[in-house]
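The values are calculated or read from the model by the stated rules, or taken from the named source; none is laboratory data. Not measured: the values here are computed from a predicted model. Here the Cβ positions follow ideal geometry from the backbone for every residue, glycine too, while neighbour counts run over all protein chains shown.
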Amino acid sequence: MERDPTVCVMGEDVGHYGGSYKVTKGMAEKFGDLRVLDTPIAENSFTGMGIGAAMSGLRPIIEGMNMGFLLLAFNQISNNCGMLHYTSGGQFKIPVVIRGPGGVGRQLGAEHSQRLESYFQSIPGIQMVACSTPYNAKGLMKAAIRSENPVILFEHVLLYNLKERIPDEEYICSLEEAEMVRPGEHVTILTYSRMRYHVMQAAKTLVNKGYDPEVIDIRSLKPFDLHTIGNSVRKTHRVLIVEECMRTGGIGASLTAAITENFHDYLDAPIICLSSQDVPTPYAGTLEEWTVVQPAQIVTAVEKLCQ
Amino acid sequence: MSFSATKLAQPLTLNTTALITKQEGLEVYEDMVLGRTFEDMCAQMYYRGKMFGFVHLYNGQEAVSTGFIKLLKKEDSVASTYRDHVHALSKGVSARAVMSELFGKKTGCCRGQGGSMHMFSKEHNVLGGFAFIGEGIPVATGAAFTSKYRREVLKEADCDHVTVAFFGDGTCNNGQFFECLNMAALWKLPIIFVVENNLWAIGMSHLRATSDPEIWKKGPAFGMPGVHVDGMDVLKVREVAKEAIGRARRGEGPTLVECETYRFRGHSLADPDELRDPAEKAHYAARDPITALKKYLLENNLASEPELKAIDKRIDELIEDAVEFADESPFPARSQLLENVFADPKGFGIGPDGRYRCEDPKFTEGTAHV
């Protein structure tokens, strides 16, 4: 925002309150109320307003206080964010970032624990990325702001407390590239967002059991980095997908299709896709735990794949 | 509520004597004839199979588009609905470009990618035809937000651009309408909300759809002036528009204007239009805004019959030319298919070979499978 005065933030409680998860803490004091705009609770309209502002020269970052609330803005995100550049014959650009906390948290109930990647992924004209570490959160956010394309940036409610030393000098991450988390030989595990940590927990067990898994945080949910993924498949010949997304029509389903289409000849076993269950996220802690993938399931799946 | 809002919470009654100069009168007349002739030609071309899809014509409502848009500067923005051809024409988009778009041709204002309900022009600040009810209003509000932002954050003191959002009576029962009235009044955005109340949705009468049919009253409820005007009288519309645009330009905030108008044709060319009472249609047909303006110009010696006939003839030729141009223009080539999906085509991602997929010649040819 210091670098480009057209960059602004809009959403519920992003200003004086500093954001529901304090992502924009202190920014209203620094940049003023217009650049860090507290909006009324009207998701479809303030999202549309961000799109109109982008069409006329600004670069808004639109926050969904909880990502689930953006379902109320689905019309604007789909019709105008995704399609308007095309329907206008390329005349208007929509350089917005739509971001916010999502995913399954701790007993937040069904509406606040949504996995929206599956809903948004078929919208044409939109890029989607998920951050998972402080380093890539910053790098992806900068890249998203500077992109000429509309970008949806998925943050996860359970990852805001992570701490990491990040470089003082400027860096950005590519919106199209996956991140190699742990190179390995036996199996490719593709994951993103919070499930990266479940995968890494499982990886410890797997290493103790003599396996050498390759872990890739795909980061770019749309489009997929088929280069990094393909190179890994060619090496390990086995793929496990671990996601928090809904099973039906989710990111894992699209990823399975993309790998089958492009790298079928290199697979020695059918792809296994571990997704969360197709149920509204239950409130009760135990039920919630059984809704999302747990590390033990990951270990079992790898053992099965590598038999 | 501000003083002006209180004051304007009554429908305005206007004195229509000497409201327009000769030159303005001719310009307004020409624009209205342009809109009408263009739309009549669209009907012909639709029935001749030159254009497809849902085509919503503006006949009868010309006083609204002309009354507002002809008072705008090029830098000012307009957001429309699915009934958008005439707004684009009034704002300066050429009849050739709009007709060509309707024919689905490459030379159309959106390269044939938008169609009847999605007219855009960056050059003329036409922010779009929007096909869903109400979705253009937030976008218009965003453009008005940019004007305020440029003035107050980017310190462009001379930025006094305003935005006009057009929509119908049906939209006024939709949340985005209320949400944007609230935000625009809250931040005093330079926007004018113009309701083209043609009394009917498709087959739903306004009176059957809304609890209080007087839409203008909703302005004061949000702290902005609400004005009711005869939308069949371009001179009255113009007077109201002047005041509302001036108010927005001075940074005094938004205005809600309800223009009572009527569409002379069905909702779209696919609508059999069986529900509207013939007596009601006849009543409004007798109040044709173009006939009324013509009468006014002649009676006040602002124009002569031959002058107006010359305008009619010129517009006829312009529309003939637009049809000829559209007819002769090429259809989009396949290579156009994958252009404009992303402003930065890197959005298509990285292929298995490690190169951006948009670098593949199949992308340029439009034959890649995405």
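For the range B:237-279, give me the residue count where each residue is of a type in the set (D, E, K, R), touching a helix residue (DSSP H, G or I) at 6+ places or on another chain (Cβ under 8 Å), surrounded by fewer than 24 Cβ atoms within 10 Å (Cβ to Cβ) and over 19 Å from B:Arg36 (Cα atoms).
Of the residues in that region, 2 qualify.
Can you pull out every residue in the range A:57-72 that is among the small types (Gly, Ala, Ser) and within 9 Å of chain B (Cβ to nearest Cβ)?
A:Gly57
Starting from the range B:113-125, take each residue that is within 16 Å of B:Lys91 (Cα to Cα) and more than 8 Å from chain A (Cβ to nearest Cβ) and list its partners that are part of a loop (DSSP other than H, G, I, E, B) and among the charged types (D, E, K, R), counting only C-beta distances under 6 angstrom and pairs at least six apart or across chains.
Matching pairs, first to second residue: B:Met119/B:Asp84; B:His124/B:Lys91.
If I ask for residues that are at the interface with another protein chain (Cβ under 7 Å from one of its Cβ atoms) and either touching a residue at least 12 places away in the same chain (Cβ under 8 Å) or more than 27 Å from B:Asn173 (Cβ to Cβ) (or both), which ones from the range B:126-143 would you list?
B:Leu127, B:Gly128, B:Glu135, B:Pro138, B:Val139, B:Ala140, B:Thr141, B:Ala143
Across the range A:1-22, what is the total count of residues that are in contact with an Asp or Glu (Cβ under 7 Å, 6 or more places away or on another chain), surrounded by fewer than 21 Cβ atoms within 10 Å (Cβ to Cβ) and at negative phi?
2
Name the pairs whose Cβ atoms lie under 9 Å apart, with the first residue in the range A:287-307 and assigned to a helix (DSSP H, G or I), the second basic (Lys, Arg), and 6 or more positions between them or separate chains?
Close Cβ pairs satisfying both conditions: A:Glu288/A:Arg106; A:Pro295/A:Lys204; A:Val299/A:Lys209; A:Val302/A:Lys209; A:Val302/A:Arg238; A:Glu303/A:Lys209; A:Leu305/A:Arg238.
Before we move on, is A:Leu71 assigned to a helix (DSSP H, G or I), over 12 Å from the mean Cα position of the chain (by Cα), more than 27 Å from A:Asp33 (Cα to Cα) and aliphatic (A, V, I, L, M)?
Judged against the criteria, A:Leu71 is not a match.
Output the number of the condition that B:Gln176 fails; it satisfies all remaining conditions of (1) surrounded by fewer than 24 Cβ atoms within 10 Å (Cβ to Cβ); (2) polar (S, T, N, Q); (3) within 8 Å of chain A (Cβ to nearest Cβ).
(1)
Based on this model, can you work out whether B:Ile245 counts as outside any strand (DSSP E or B), among the β-branched types (Val, Ile, Thr) and over 14 Å from B:Leu71 (Cβ atoms)?
So B:Ile245 does not fit the description; no.
In the range B:84-112, what count of residues is obtained for those that are free of Cβ contacts under 8 Å to residues at least 60 places away in the same chain, β-branched (Val, Ile, Thr) and touching a helix residue (DSSP H, G or I) at 6+ places or on another chain (Cβ under 7 Å)?
Matching residues across the range B:84-112 total 1.
If you go through the range A:7-25 one residue at a time, do you hit one that is in contact with a strand residue (DSSP E or B) (Cβ under 6 Å, 6 or more places away or on another chain), more than 7 Å from every other protein chain (Cβ to nearest Cβ) and in a helix (DSSP H, G or I)?
Among the residues of the range A:7-25, not one is in contact with a strand residue (DSSP E or B) (Cβ under 6 Å, 6 or more places away or on another chain), more than 7 Å from every other protein chain (Cβ to nearest Cβ) and in a helix (DSSP H, G or I), which makes the answer no.
So, in the range B:48-99, of the ones that are of a type outside the set (A, V, I, L, M, F, W, C) and touching a strand residue (DSSP E or B) at 6+ places or on another chain (Cβ under 6 Å), which residue ends up nearest to B:Asp233 (Cα to Cα)?
In this case the residue turns out to be B:Gln61.
Answer yes or no as to whether A:Thr286 is modelled with pLDDT of 95 or more, among the polar types (S, T, N, Q), surrounded by fewer than 19 Cβ atoms within 10 Å (Cβ to Cβ) and over 15 Å from the mean Cα position of the chain (by Cα).
yes
Name the single residue, out of those in the range A:40-54 being surrounded by 21 or more Cβ atoms within 10 Å (Cβ to Cβ) and under 23 Å from A:Gly105 (Cβ atoms), that is nearest to the other protein chains (Cβ to nearest Cβ).
So the residue we want is A:Thr47.
Need pairs with beta-carbon distance below 8 Å; first residue closer than 17 Å to A:Ala144 by Cα and within the range A:98-126, second among the polar types (S, T, N, Q) and part of a loop (DSSP other than H, G, I, E, B); sequence gap 6+ or separate chains.
Sorted first by the residue in the range A:98-126, then by its partner, the pairs are A:Gly100/A:Asn66; A:Pro101/A:Ser20; A:Pro101/A:Asn66; A:Gly125/A:Asn149; A:Ile126/A:Asn149.
Go through (1) in a strand (DSSP E or B); (2) buried (at least 24 other Cβ atoms within 10 Å of the Cβ) one by one and return the number of the condition B:Met224 breaks.
With (1) in a strand (DSSP E or B); (2) buried (at least 24 other Cβ atoms within 10 Å of the Cβ) applied to B:Met224, the lone miss is (1).
Across the range B:131-152, what is the total count of residues that are surrounded by fewer than 24 Cβ atoms within 10 Å (Cβ to Cβ) and in contact with a Gly (Cβ under 7 Å, 6 or more places away or on another chain)?
1
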